[in-house]
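Engineer: A single structure is presented below for examination.
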Amino acid sequence: MTDIILQYYQGIVQNLRSEVDEINNLLHHQGVKGEGNETALRNLLTKFIPKRFGVGTGVVIDRQGAQSRQCDIIIYDTLLYPSLLSLTNVHLFPVDIVSAIIEVKTTLTSSSALEAQQNIISVKQLDFIKDQFAGTAVNGGNFSINAYTPTPVGLR
């Protein structure tokens, strides 16, 4: 069975590589190449991650109004995503529902690697929910809830 799974995943990688190579051979504009490569990877990720998660692109925001830089790929919790934030072509993602961001670079140079790193840092610097709530339950007992979200994983 592992041979079948290995062959399956090798086929998927080969298909993605073919699509990326075709994009890069046909197109000359770096921005268009990059967008094509991002779309190919987003489409692939959508097929493999659990349906609870969505794959998008846009800006990550926090409750204080701070914004990240533009992120190539954002993996987020679709059950918690407020659809109001996707009414235009610009998508805003609350940091507390973002699981990961991925920066895609068609050509890897020291400056593009630095840019990808800065984009990831811009998300990690946002204000995450790290609160503890306490109170009295209906039956008179005390309760405490730790509500926090982990920092999104950043990949480049």
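The values are calculated or read from the model by the stated rules, or taken from the named source; none is laboratory data. Quantities reported herein were computed from a predicted structural model and do not represent experimental measurements. We place every Cβ from the backbone using ideal geometry, glycine too, and count neighbours over all the protein chains shown.
Engineer: Listed residues ARG69, ARG42, ARG52; which is within 30 Å of ASN24 (Cβ to Cβ) and out of contact with any helix residue (DSSP H, G or I) (no Cβ under 6 Å at 6 or more places or on another chain)?
Structural biologist: ARG42
Engineer: Test ILE101 against the criterion of being part of a strand (DSSP E or B), touching a Gly at 6+ places or on another chain (Cβ under 7 Å) and modelled with pLDDT of 85 or more, and give yes or no.
Structural biologist: For ILE101, the condition - part of a strand (DSSP E or B), touching a Gly at 6+ places or on another chain (Cβ under 7 Å) and modelled with pLDDT of 85 or more - is met.
Engineer: Further question on the same structure: What about LEU84, is it in a loop (DSSP other than H, G, I, E, B) and out of contact with any strand residue (DSSP E or B) (no Cβ under 6 Å at 6 or more places or on another chain)?
Structural biologist: no
Engineer: A further question follows. When the residues of region 82-124 are narrowed to those that are in contact (Cβ under 8 Å) with a residue 40 or more places away in the chain and of a type in the set (S, T, N, Q), which ends up surrounded by the fewest Cβ atoms within 10 Å (Cβ to Cβ)?
Structural biologist: Of everything passing the filter in region 82-124, THR107 is surrounded by the fewest Cβ atoms within 10 Å (Cβ to Cβ).
Engineer: Within the group LEU27, LEU85, LEU80, which residue is over 23 Å from LEU114 (Cα atoms) and in contact with a Gly (Cβ under 7 Å, 6 or more places away or on another chain)?
Structural biologist: Unique residue meeting the criteria: LEU27.
Engineer: Also: Output the qualifying pairs, or none if there are none: Cβ atoms under 6 angstrom, residues six or more apart or on different chains, first residue in region 22-51 and farther than 16 Å from LYS105 by Cα, second residue at pLDDT below 80.
Structural biologist: Sorted first by the residue in region 22-51, then by its partner, the pairs are LEU44/LEU16.
Engineer: Separate question: Take the conditions touching a strand residue (DSSP E or B) at 6+ places or on another chain (Cβ under 7 Å) and crowded, with 17+ Cβ neighbours inside 10 Å and apply them to VAL20. Does it pass?
Structural biologist: Considered against the rule, which asks whether it is touching a strand residue (DSSP E or B) at 6+ places or on another chain (Cβ under 7 Å) and crowded, with 17+ Cβ neighbours inside 10 Å, VAL20 comes out as no.
Engineer: Tell me the residue from VAL90, VAL104, VAL60, VAL95 that is out of contact with any Asp or Glu (no Cβ under 8 Å at 6 or more places or on another chain), under 20 Å from VAL153 (Cβ atoms) and in the same structural domain as PRO152 (by TED's automatic domain parsing), please.
Structural biologist: Exactly one residue qualifies, and that residue is VAL60.
Engineer: Hey, another quick one. Could you check how many residues of region 31-62 are surrounded by 12 or more Cβ atoms within 10 Å (Cβ to Cβ) and farther than 18 Å from HIS91 by Cβ?
Structural biologist: Residues in region 31-62 being surrounded by 12 or more Cβ atoms within 10 Å (Cβ to Cβ) and farther than 18 Å from HIS91 by Cβ: 6 in total.
Engineer: Still on this model: Residues being among the basic types (Lys, Arg) and either part of a helix (DSSP H, G or I) or at pLDDT 90 or above (or both): count how many of those fall in region 114-131.
Structural biologist: The number of residues fulfilling the criteria is 1.
Engineer: If you go through region 145-155 one residue at a time, do you hit one that is modelled with pLDDT under 70, in contact with a helix residue (DSSP H, G or I) (Cβ under 7 Å, 6 or more places away or on another chain) and over 27 Å from ALA40 (Cβ atoms)?
Structural biologist: Yes, that holds for at least one residue.
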